[in-house]
1. Among residues belonging to the range 122-141 that are open to solvent by 20 Å² or more (accessible area, probe 1.4 Å) and in contact (Cβ under 8 Å) with a residue 40 or more places away in the chain, point out the one that is nearest to Ala162 (Cα to Cα).
2. How many of the residues in the range 174-198 are within 18 Å of Val94 (Cα to Cα) and crowded, with 19+ Cβ neighbours inside 10 Å?
3. For the range 210-229, enumerate the residues that are touching a Lys or Arg at 6+ places or on another chain (Cβ under 8 Å) and closer than 23 Å to Phe175 by Cβ.
4. Could you grab me the full set of residues in the range 192-245 that are assigned to a strand (DSSP E or B), β-branched (Val, Ile, Thr) and within 30 Å of Lys17 (Cα to Cα)?
5. Taking the range 179-191 only, how many residues are out of contact with any helix residue (DSSP H, G or I) (no Cβ under 7 Å at 6 or more places or on another chain) and either within 7 Å of the ligand (Cβ to nearest atom) or part of a strand (DSSP E or B) (or both)?
6. Restricting attention to the range 128-137, does a residue exist that is near the ligand (Cβ under 10 Å from one of its atoms) and more than 13 Å from the chain's Cα centre (by Cα)?
7. Could you grab me the full set of residues in the range 14-42 that are in contact (Cβ under 8 Å) with a residue 12 or more places away in the chain and assigned to a loop (DSSP other than H, G, I, E, B)?
8. Please specify each residue of the range 313-336 satisfying the condition of being charged (D, E, K, R) and part of a helix (DSSP H, G or I).
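The values are calculated or read from the model by the stated rules, or taken from the named source; none is laboratory data. Since we're looking at a predicted model, the values are computed, not measured. Positions of Cβ are generated from backbone atoms using ideal geometry, with glycine treated the same way; all protein chains shown enter the neighbour counts. Heads up: the accessible areas ignore ligands, DNA and RNA and are worked out on the full protein's heavy atoms, side chains in. Shrake-Rupley method; radii C 1.70, N 1.55, O 1.52, S 1.80 Å.
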Amino acid sequence: MMKVPFVSFEYMHQPIKMEILQAFEDFYDSNWFVLGKKVKNFEEEYANFNNVHKCVGVSNGLDALHIALKTLGIGEGDEVIVPTNTYIATWLSVTYVGATPVPVEPNIDTYNIDVTKIEMAITSKTRAIMPVHLFGQACEMEAIMSIAKKYNLFVIEDNAQAQGASFKNKITGSFGDINGTSFYPGKNLGALGDAGAVTTNNLKLAEKATILRNYGSAKKYYNELVGFNMRLDECQAAFLSVKLKHLEEWIKQRQQIAGWYNEVLRGIGDLVLPNVHPQSTHVYHLYVIRTKQRDALQKYLEEQGIGTLIHYPIPPHMQEAYKDLGYKKGDFPIAEELAKSSLSLPMWPGIIREQVNYIAKTISLFYESD
Ligand SMILES: *Cc1c(COP(=O)(O)O)cnc(C)c1O
């Protein structure tokens, strides 16, 4: 039996081990552990990669979104439009600043926020739209930006899953007023621990975000804002600089693996494969399929040595944490349907064709024995 884990870092990390150790040694010997040259360098490199004027390194993706909202002055009494199917972090960031997340259902083909349903959710309290480029596919940003313009709303992209994706050749994380991304180890660009960043083309917003992440202080012991301690670690920045050089190549591999999956899984059972909007690119943070027999298939694959996960088993509106918002089962049927039918297959740079073939063969056997 072949074994295919849901995720593996081996292939990415082994070849760069010496470079990472060197980066650690430089960091160690520099005797500068917080907000030094390595954070600054990485911020410049990532801003360059993301085609924005400024990147502000922060502690993680959730903090990046929190800082982005805080920087825009969104707070108590405000509403922010969020997708119904996303990781709960998107919603939490809105809750943290005292605003209310207003959920909008996804498009059933792309799983990204349905741009035809956004206007219905706008009220006099709406201040911003937070699109999430889910699983690595860019949202329909042209429509989102024009709705935002029409209603005078901010846009904050949650780009945690889609570093390097684009809509009409413009890279995600460069559309919104101020955007957040995550370098959680399993993300397409992962640190060796927690890390994240804010990206923006607006120098004033970048400056405010920089102050907010460091106790609201630009000058030591002078605090102009009620800020946070949400700094990007100096050593994580050093590691990220090493890994960023390989991101494009790793994305290409993810796309190649997705191509193999599309080829070998097409037509099997009731599987629904990922659909990509003709003007979006997909960087396949996750390769998500759908089937009515999701739980049985997941169990079968597990028994055959194939690791899978569910993104996400419970939509935010059904979470205990959000019971105060008063939503009930059936309020957002598309998100609930996706939670029941979605299954993420192994997706990491280094998967070989034989492994993809084995997964496809195993899935075929599952449907045959059915
Ligand atoms: C991972 C993720 C986050 C949060 O990132 P952390 O670094 O884990 O805080 C936010 N939004 C989405 C869509 C994510 O996938």
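1. The residue in question is Glu140.
2. 9
3. Leu212, Arg213
4. Val198, Thr199
5. 1
6. Within the range 128-137 (the criterion being near the ligand (Cβ under 10 Å from one of its atoms) and more than 13 Å from the chain's Cα centre (by Cα)), the answer is no, since none of the residues qualifies.
7. Listed by number, the residues that qualify are Ile16, Trp32, Phe33, Leu35, Gly36.
8. Selection gives Glu320, Lys323, Asp324, Glu336.
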